[in-house]
Amino acid sequence: MSNYHIKHLEEYYQVYRKSVRNPEAFWEEIAEEHFVWRKKWDKVLSWDFSKPEIKWFEGAKLNITENCIDRHLPTRGEKTAILFEPNDPDEEAQRITYRQLHERVCRMANVLKDHGVKKGDRVCIYLPMIPELAISLLACARIGAIHSVVFAGFSSNALATRINDSDCKVVLTSDGSYRGSKTIDLKGIVDKALEECPGVHTVLVANRINGKVEMKEGRDKWLQPLLDEAYADCVAEIMNAEDPLFILYTSGSTGRPKGMVHTTAGYMVYTAYTFKNTFQYREEDVYWCTADIGWITGHSYIVYGPLANGATTVMFEGVPSYPDFGRFWQVVQKHKVNQFYTAPTAIRALAKENLDFIDKYDLSSLKVLGLVGEPINEEAWHWYNNNVGKKMSPIVDTWWQTETGGIMITPIPYVTPTTPTYATLPFIGIQPALMDEEGKEIKGNQVSGRLCIKFPWPSIARTIWGDHNRYRDTYFSAYKNMYFTGDGALRDAVGYYRITGRVDDVIIVSGHNLGTAPIEDSINEHPAVAESAIVGFPHDIKGNALYGYVILKEFGETRDRENLRKEINQQITEHIGPIAKLDKIQFVTGLPKTRSGKIMRRILRKIASKDISNLGDTSTLLNPEVVEEIIENSL
Ligand code: ATP
Ligand code: MG
């Protein structure tokens, strides 16, 4: 019996040791017992981080959709696979059973084929969170096409860059999308993008909002009539283990987006196995990840991981604030959600609101609360634990990246005791290392350094689309024989990891390495502070000094600014030490954020250093207007 489902701490340690001592044997057993293959592999793993080249399950043949759909049909045909909750709470939810999913994926696959899409072709998917989105990923996988999903909140420029980078000829989109009280003209954005994309010959348009859109003769077609006519069965293309499954561009908080390429077998095995354990998913559970499928979190933990386990996965079209700030909790009550997976940015936004928005709903179905995306501050962690979980649901703070494909460092709920703000222990098979600047591994506990991974895991990205050298330079050149994550971390006395932020965000002040996350944490504990970000700027004596951008809660706005500055620095002195005191504190109404809700620190760094001539690519910002305001009032 392989260790597919870990149930207690001793078992975790035992399985972990096994996975590290003999990774090939370990993953072979998982792959063998829990998935269906058209042909088994000849070799479990071959790898060379210097090239870099990584291959898992070489020689195996499979189709991931047979694992996510077909194999469930005999036993779970009538079970809900996707539970679609629309933007408008008055619109009825849609339950798509595994049998219906099979049919809808096959129809979509046939439509793609009819429009010339073949194995290996790239298809750009620019759809809102409606069932067609999940279905089109699976339809591409069915026929061996490589999907490239672009988050449907990106601008036409960002979309055009991504379409051209991976040379997509077909685009799937909708007439528009609902986002809270607004509608967004997606088709208009696509039309504008395609002015720059001569290679696109077909645009398939789903009807979501009954919008009046222009259909370009010969290029644009409504999707539904084609689906209705298409044949409801489609033979799955037999793929090699290492055939690309998808391209996904990183969220772009640090610069030019990178088209990460994920391949088939390893990605499937790892996302399924991490899903099962990180959420302790059981057959009757309803699981909800609030991310958008446009991010890796949605790919791995709305679509592939859950469906490979035969789970019921909720797809939510809306936003946490519409029609009011109780919307998440209303959905949890309505669908009796058992596992809830969201981002710190959502928690911080909701924590600013009245608790009545939570208290009127029954959240007793919740068993596991998840987090992903950025370091969570301690206050927000407790808010989540106290008010959503009622201290009964373990919080799994999952650290991972677009590049890693699946969750890397995380507690296993009901197995790993949690510590606020800590991602805790490496997942099974993951071998983290902390490195110093000279390239030496820092052993032992109570240390901090740059987070690397020493050994390949099945879902590591294999390359950057069209730029293998950039892949090598970005991830494998900083440290010999290591995958470098770009993040900093500390390891505490018991061996738990805490992610302290990106390495670029570690600021060296008077020779001390200061991570941004712990300092921001202590600022945020001030009762008048809603959110903050700190960056370094050049300083004659200290090398660098710290510049803080602070958003006040409403009641703080009337307070004397100078006193607030003193109190904030007092707080930092108490929590971390006087070395981390801020030289400058600017009060702002917002922080520049990516569309996935992460602070774009490189912009703040430039402003703090008074270098505003070239702010770089801001096309992926959620709120570009705030940049002007911050520049105007900068200190
Ligand atoms: P880009 O690489 O283009 O700058 P990005 O890094 O924001 O974009 P993602 O791959 O979506 O794109 O995010 C991964 C990063 O998010 C991690 O490297 C880490 O910095 C941060 N992160 C994710 N989860 C956590 C977590 N649980 N705790 C702390 N940080 C996290
Ligand atoms: Mg990154």
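Structure above, values below:
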item	result
Antiparallel bridges, percent of DSSP beta bridges restricted to the chain (to nearest 5)	60
Calculated diffusion of the chain, Stokes-Einstein form, Kirkwood radius summed over Cα pairs, 37 °C and 0.692 mPa s, µm²/s	130
Ranked packing of 141-150, 434-443, 217-226, 74-83, most packed first, by mean Cβ within 10 Å	141-150, 74-83, 217-226, 434-443
Antiparallel %, DSSP beta bridges [both residues in region 116-236], to 5	15
Asn386-Asn469 pseudo-label distance in nm [points 7 Å out on the Cα-to-Cβ vector]	5.5
Ranking of Thr558, Thr516 by count of other Cβ atoms within 10 Å, fewest first	Thr558, Thr516
Sequence of Phe316, Phe340 once ranked by neighbouring C-beta atoms within 10 Å, starting from the fewest	Phe316, Phe340
Exceeding the 21 Å Cα-Cα cut-off - candidates Lys51/Lys454; Lys566/Lys610; Lys360/Lys391; Lys43/Lys118	Lys566/Lys610; Lys43/Lys118
Relative contact order computed over the chain (Cα-Cα under 8 Å; 6+ residues apart), in percent	12
Packing-based ranking, highest mean first, of 495-501, 619-625 given that Cβ atoms within 10 Å are counted	495-501, 619-625
Estimated translational D of region 567-632 in µm²/s (Stokes, Kirkwood radius over Cα pairs; 20 °C; 1.002 mPa s)	161
Mean Cβ neighbour count within 10 Å, used as a protection proxy, ranking 162-171, 235-244 highest first	162-171, 235-244
Mean residue ellipticity (222 nm) of the chain, computed from DSSP H runs ≥ 4 via -39,500 (n - 2.57), nearest 500	-8000 deg cm²/dmol
Val509, Val337 arranged by Cβ crowding within 10 Å, fewest neighbours leading	Val509, Val337
Estimated D of region 502-576 in µm² per second, where Rh is the Kirkwood radius over Cα pairs and Stokes-Einstein applies at 20 °C, 1.002 mPa s	166
Cut-off 12 Å between beta-carbons: net charge of the residues surrounding Cys68, Lys and Arg +1, Asp and Glu -1	+1
Where no second cysteine Cβ lies under 4.7 Å, the cysteines concerned in the chain	Cys68, Cys140, Cys197, Cys289, Cys452
Amide H within-cut-off set for Thr97, under 5 Å, with H built and near neighbours excluded	Ala81
Label-point gap, in nm, between Glu438 and Glu24 - each point 7 angstrom along Cα→Cβ	3.6
Pairs beyond 22 Å (Cα-Cα), from Lys55/Lys169; Lys7/Lys276; Lys334/Lys367; Lys212/Lys593	Lys55/Lys169; Lys212/Lys593
Along principal axes, Cα extents of region 176-296, largest first, whole Å	47, 41, 33
Added length on full extension, which subtracts the Cα-Cα distance from 0.36 nm per residue, Val235 to Phe555	109.1 nm
Whole-angstrom Cα spans of region 514-553 along principal axes, big to small	34, 16, 11
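Every number here is computed from the coordinates shown, using simple stated rules; none is lab data. These numbers were taken from a predicted model, which means no experiment stands behind them. No Cβ is skipped: glycine too gets one built from the backbone with ideal geometry, and neighbour counts run over all protein chains shown.
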